[in-house]
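Structure, as structure tokens:
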Amino acid sequence: MDAGSFDIRAVRTWIDGAFRPAQIRIENGVIVDIGPPHRGRAVTVPDDAVLLPGLVDSHVHVNEPGRTEWEGFRSATLAAAAGGVTTIVDMPLNSLPPTTTAEALEIKRAAAASSYIDVGFWGGAVPENLGALKPLHDAGVYGFKCFLSPSGVDEFGHLDTAQLNAAMEEVAALGSRLIVHAEDPALLAPDGALGRDYAAFLASRPPESEQSAIAAVIDAARRTGARAHILHLSDARSLPLLAAARAEGLDLTVETCPHYLTIVAEEIPDGAAEFKCCPPIREAGNRDLLWQGILDGVIDAIVSDHSPSTIDLKRAGGGDFGLAWGGISGLQVGLSAVWTEARHRRIPLETLLPLFTTGPARVAGLTDAGRIRVGAPAHFTAFGPEDVLRIDARRLMHRNPISAYDGRELRGRVRRTWLRGDQIFDVTEGGAGEAPRFRGLPAGRLLTAATAAPRPHEQELHRG
Ligand code: ZN
């Protein structure tokens, strides 16, 4: 079996939205044939594991360059590989410079050369670059991110309603997409100390702030015909708004995150800032409704919103939820965390897989990721659904060892990950089966969006 060409065989392979037995031929890192299992040499996935396409995470903050001490491309992409993720799309903020110009994108791309997996990039839409998004679009970003409330860093400003409409008009003309952090600043408590009680923090960012901001996005999408995406939805009561907007033909997608589906406000201890993120983790009843949104097919993607900082910043104010950095580091544990909760709710793995693969790929417009098919790059992950995974924050691969999942015992573990046919991660090689092993040099590629021609004002709905 020579390096770039081999077969891989599994009893349960996730192909076209279903598990089936398959043998896949890989040549030069590309899938060239998919057929029923047959004799002959092959990498064989054990029967108690499933073979999945490499997962896609379209919402990751890698803070390199500029804040590499928060997170860098090497550590982030190691964490991704260990979590079965072979493609990430990097957010335009928290690195310096923020990705708001074509020059800044070039600096980002140079920093990302040390990645172990494939990396694409979002651009930023901020007050300073409105009207001048085209060079960044032409340079190959997958779309533009904006905030409707303060972003948390001074160099990445937020848009008011008029600016939101202007940004939508501009991305519609470019044939791009606007992805939105949707909280209405008028309904948020002012910045500052809130104390160590999680309830005070939760009350400072009420569900109405999400509902109001989402209504503004829907309004702007209706007016401009732009393609828009709601980032990290926490408030489940916003889902009917989105369902109704889609029913009228607007091209809107929405994501949520593992922490909203697995953690509830009632369980967050005083001062435990590792659970702080914006919008906040809400109550158990809200979590149930988010799961209903998954079952109803309203939610398109589950993505990490991996947004680390240094431990000092997470502990700023001695556990004051108003002063600590907001962001959860979940890149490595997403599928295991969500599967643990789904399994508890008797929801099958099949229901989740589109949300970790084709869903986020579609959100970002990635054409080659998240799917096992002939002609696609040979990105795979082998996942043992009944494996037990005990999370120790100090052993996760991201840079700063702090995690909202620390101490949790999860079900389901990524065993091996392949990128373009190269096995880049294997948990079983570490002797006791605990120490993850990585092979080889960084092998990731930097992805560039094919810049689409401007779209006419028509809707291309692809609900599946
Ligand atoms: Zn984010």
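May I ask for the net charge around S58, where only other residues with Cβ less than 13 Å from the Cβ of S58 are counted and Lys, Arg are +1 while Asp, Glu are -1?
Values: positive: K145, R177, R362; negative: D57, D90, D118, E255, D300, D305.
Charge balance near S58 sits at -3.
By how many nm would the segment from D296 to E409 lengthen if fully extended, with 0.36 nm per residue of separation less the alpha-carbon distance? Provide the component values of the computation, followed by the final result.
Values: separation 113, 0.36 × 113 = 40.68 nm, distance 2.80 nm.
Full extension from D296 to E409 adds 37.9 nm.
Close amide H partners of I15, meaning residues 5 or more places away or on another chain with modelled amide H under 5 Å apart, are R20. Here region 368-385 is scanned for amide nitrogen atoms under 14 Å from the site 7 Å beyond the Cα of D33 along Cα-to-Cβ, giving 374-375.
Return the carbon/sulfur percentage of the accessible area of region 18-79, one whole number, probe 1.4 Å, all protein chains in place. For region 18-79, the apolar C and S fraction of the accessible surface comes to 51 percent.
Computing Rg and the Kirkwood Rh from the Cα coordinates of the chain gives a ratio, Rg/Rh, of 0.95.
Using Cα pairs under 8 angstrom and six or more residues apart, how large is the relative contact order of region 145-200, in percent? Spell out each step's value before the answer.
On the way: 45 pairs, mean separation 22.3, N = 56.
Normalised by residue count, the contact order of region 145-200 is 40 percent.
Restricting to Cα pairs below 8 Å that are 6+ residues apart, what does the relative contact order work out to for the chain? Please round to a whole percent. Mind showing how you got there, number by number?
On the way: 1132 pairs, mean separation 98.3, N = 464.
21 percent.
Using a 1.4 Å probe on the protein chains only, how many percent of the accessible area of region 87-211 belongs to carbon and sulfur?
Values: 2400 of 4200 Å².
That share works out to 57 percent.
In the chain, helical runs assigned H by DSSP with n ≥ 4 each contribute -39500 (n - 2.57); averaged across all residues and rounded to the nearest 500, the mean residue ellipticity at 222 nm is -7500 deg cm²/dmol. Entry comment: accessible area of region 352-419 is 36 Å² per residue, from protein heavy atoms only and a probe of 1.4 Å. Name the residue from H232, L290, L353 whose Cα lies farthest towards the positive end of the charge dipole of region 232-374, charges +1 on Cβ of Lys and Arg and -1 on Cβ of Asp and Glu. Sorting the options by dipole projection puts first L353.
Using per-residue counts of other Cβ atoms within 10 Å, averaged over each peptide, order 296-308, 73-85 from highest down. Mind dumping the intermediate values first?
Working: 296-308: 24.5, 73-85: 28.0.
So the peptides 296-308, 73-85, ranked by packing, come out 73-85, 296-308.
Rounded, prolate or oblate, given the Cα gyration tensor of region 108-232, with a/c below 1.5 counting as rounded? It is oblate, given that a/c is not under 1.5 and a/b is not larger than b/c. Under conditions of 37 °C and 0.692 mPa s, region 66-157 yields 242 µm² s⁻¹ as its translational diffusion coefficient, taking Rh as the Kirkwood radius over Cα pairs in the Stokes-Einstein equation.
If you restrict to DSSP beta bridges whose two residues both lie in the chain, what percentage is antiparallel, to the nearest 5? Walk me through the intermediate numbers first.
Details: 32 of 61 bridges.
That works out to approximately 50 percent antiparallel.
Rolling a 1.4 angstrom probe over region 253-397 with all protein chains present gives an accessible area of which 49% lies on carbon and sulfur atoms.
Assign unit charges at the C-beta atoms only (+1 for Lys and Arg, -1 for Asp and Glu), then state the dipole size of region 67-120 relative to its Cα centre in Debye, rounded to the nearest 20.
Values: 4 positive and 6 negative charges, 12 e Å.
The dipole of region 67-120 has a size of about 60 debye.
Per residue, the solvent-accessible area of region 248-346 (1.4 Å probe, heavy atoms of protein chains only, all protein chains present) comes to 30 Å². Both radii are taken from the alpha-carbon atoms of region 128-193; with Rh as the Kirkwood radius, Rg/Rh is 1.01. For region 198-321, the calculated P(r), taken from all Cα-Cα distances in 5 Å bins from zero up to the bin holding the longest distance, is 2, 11, 21, 21, 18, 12, 8, 5, 2, 0 percent. Subtracting the Cα-Cα distance of R395 and A18 from their residue separation scaled by 0.36 nm leaves 132.4 nm.
Shape annotation for region 358-405: C-alpha extents along the principal axes are 38, 25, 16 Å, from largest to smallest.
When ligands, DNA and RNA are left out and all protein chains stay put, how many square angstrom of accessible area per residue does region 64-182 have with a 1.4 Å probe?
Details: 3260 Å² over 119 residues.
That works out to 27 Å² for each residue.
Annotation for D48 and E283: the two label points, set 7 Å from Cα along the Cα-Cβ direction, are 4.1 nm apart.
The values are calculated or read from the model by the stated rules, or taken from the named source; none is laboratory data. Predicted model, so just to flag it, every value in this text is computed and none were measured. Reconstructed Cβ throughout: ideal geometry from the backbone, glycine too, with neighbour counts over all protein chains shown. Surface accessibility is based on the protein's heavy atoms, side chains included, excluding ligands, DNA and RNA. Shrake-Rupley method; radii C 1.70, N 1.55, O 1.52, S 1.80 Å.
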